[in-house]
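Reading through the structure tokens given below for one structure.
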């Protein structure tokens, strides 16, 4: 049951991250006086890493574990490239989609 809750948190955080990453650049086009804060992306990365760590402790399927950790790696590369070099790499979108997919698969594999 605990893993299902973690999967729900993981799905929610990944969806919010994806929405943030898609909508925020569109808001920068409108002159509202807002700017990009990479620490928000870092917060999503930390939340995702904690959830993936806790979920993968109980996953028996190796490929699902690899999918979740590879997705975290893609997000981390994108976030740290933005923090260090101020370069926006679209790996974040693939990582968020991988997290959403992995958590949904893991959520559906639980016995009800």
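Is it the case, given these coordinates, that residue 95 is at pLDDT below 95, under 15 Å from residue 7 (Cβ atoms), out of contact with any strand residue (DSSP E or B) (no Cβ under 6 Å at 6 or more places or on another chain) and surrounded by 14 or more Cβ atoms within 10 Å (Cβ to Cβ)?
Here the answer is no, as residue 95 does not meet what is asked.
When you go through 73, 107 one by one, which is the residue that is modelled with pLDDT of 95 or more and touching a helix residue (DSSP H, G or I) at 6+ places or on another chain (Cβ under 8 Å)?
After applying the criteria, what remains is 73.
Looking at residue 61 and the list (1) modelled with pLDDT under 95; (2) under 24 Å from residue 38 (Cβ atoms), which single condition is not satisfied?
(2)
Taking residue 3, is it assigned to a helix (DSSP H, G or I), more than 16 Å from the chain's Cα centre (by Cα) and either touching a residue at least 40 places away in the same chain (Cβ under 8 Å) or surrounded by 14 or more Cβ atoms within 10 Å (Cβ to Cβ) (or both)? Before you say what the answer is, go through the steps one by one.
On the way: assigned to a helix (DSSP H, G or I): yes; more than 16 Å from the chain's Cα centre (by Cα): yes; either touching a residue at least 40 places away in the same chain (Cβ under 8 Å) or surrounded by 14 or more Cβ atoms within 10 Å (Cβ to Cβ) (or both): yes.
Here the answer is yes, as residue 3 does meet what is asked.
Quick one: count up the residues across segment 7-35 that are over 12 Å from residue 99 (Cα atoms) and surrounded by 14 or more Cβ atoms within 10 Å (Cβ to Cβ).
3
The values are calculated or read from the model by the stated rules, or taken from the named source; none is laboratory data. Bear in mind that the values here come from a model prediction, so they are computed numbers and not experimental data. In this analysis, Cβ positions are derived from the backbone assuming ideal geometry, glycine residues included, and neighbour counts consider all displayed protein chains.
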